[in-house]
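Since the structure comes first, as structure tokens, the remarks are kept for the end.
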Amino acid sequence: MTWHLYTSPRSPFVRKVMIAAHELGLADQITTQDVVTTPMTPAPELLVDNPLGMIPTLMAGERMIFDSLTILEVLNDAAGGALFPAGTRQDCLTRHAMANGMMDKAVRILDEQFRAQNGDTEAHIAGFVAAIKRGISWMEPRLTEGRFDAGDIAFCALLAYLDMRFPKFLWLADAPVAARWYADISTRPCVADTAFQTPPFV
């Protein structure tokens, strides 16, 4: 199989994927395309495949694979690799999550530095809002009645968070399918019993 990977030469998340690809002997099966993408101005060519405009994004034909951990799992499975040893998988994933979280913090430091220099807070917020709305639109045709897997749980938690933190976000009007799905999912005991706390919690 041939894959196409959207990349940036300075992204730690892309570097992680490329290290894995070389380790697994798959690097020569991956074509790469460097893109310049930011929250305010996502790369148009990347938006065609990933509504969040984020890298790395791996294309396997028409199939979009995202984020970096998912890409690692796909490549590892394709190569029959041992990046996620069965006996220590949970420990491996925990260490990966810690490293990934630190990468995210480091990238956010850089982002905050750029924002402080340019004074474009509103543009940043608008870019993030647009990305979330594109993401919800991408999710809508992939929602399935009766299914409730980890992907559904994550999407449910996102929508609940938007309602709690950003009541003026008004995503419901633009996403009727997701709104109906969320209303139905919200009746599940596991969702109702874990509702976000109201003030004084922050």
ask   = Which one is nearest to the chain's Cα centre (by Cα), of the residues in segment 167-195 that are in a loop (DSSP other than H, G, I, E, B) and modelled with pLDDT of 85 or more?
value = ALA175
note = Counting only residues that are under 17 Å from GLU73 (Cβ atoms), exposed (fewer than 14 other Cβ atoms within 10 Å of the Cβ) and without any contact (Cβ under 8 Å) to a residue 40 or more places away in the chain, segment 1-38 contains a total of 2
ask   = Do the conditions hold for THR41, that is, is it buried (at least 18 other Cβ atoms within 10 Å of the Cβ), closer than 28 Å to ASN118 by Cα and among the polar types (S, T, N, Q)?
value = no
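This table checks each residue for (1) at pLDDT 95 or above; (2) out of contact with any strand residue (DSSP E or B) (no Cβ under 6 Å at 6 or more places or on another chain).
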site: MET18; (1), (2): yes, yes
site: GLU23; (1), (2): no, yes
site: ILE30; (1), (2): yes, no
site: MET64; (1), (2): yes, yes
site: VAL74; (1), (2): yes, no
site: PRO85; (1), (2): no, yes
site: ARG89; (1), (2): no, yes
site: ASN100; (1), (2): no, yes
site: ASP104; (1), (2): no, yes
key: Selection status of PHE84, of a type in the set (Phe, Trp, Tyr) and in the same structural domain as LYS16 (by TED's automatic domain parsing)   = no
Segment 1-38, subset under 19 Å from the mean Cα position of the chain (by Cα) and hydroxyl-bearing (Ser, Thr, Tyr), residue nearest to GLY119 (Cα to Cα) = THR38
request  = Please state which of the following conditions ALA78 fails to meet, knowing it meets all the rest: (1) small (Gly, Ala, Ser); (2) surrounded by 11 or more Cβ atoms within 10 Å (Cβ to Cβ); (3) under 15 Å from the mean Cα position of the chain (by Cα); (4) part of a helix (DSSP H, G or I).
outcome  = (3)
message = Just to be sure before I move on: is LEU93 hydrophobic (A, V, I, L, M, F, W, C), in the same structural domain as MET18 (by TED's automatic domain parsing) and either surrounded by 11 or more Cβ atoms within 10 Å (Cβ to Cβ) or within 14 Å of the chain's Cα centre (by Cα) (or both) in the structure I sent?
response = no
ask   = Which numbered condition trips up MET164, out of (1) free of Cβ contacts under 8 Å to residues at least 40 places away in the same chain; (2) surrounded by 10 or more Cβ atoms within 10 Å (Cβ to Cβ); (3) not in a helix (DSSP H, G or I)?
value = (3)
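The values are calculated or read from the model by the stated rules, or taken from the named source; none is laboratory data. Only a predicted model underlies this, so the values are computations on that prediction, with no experimental measurement involved. Note that each Cβ is placed from the backbone with ideal geometry, even for glycine, and that neighbours are counted across all protein chains shown.
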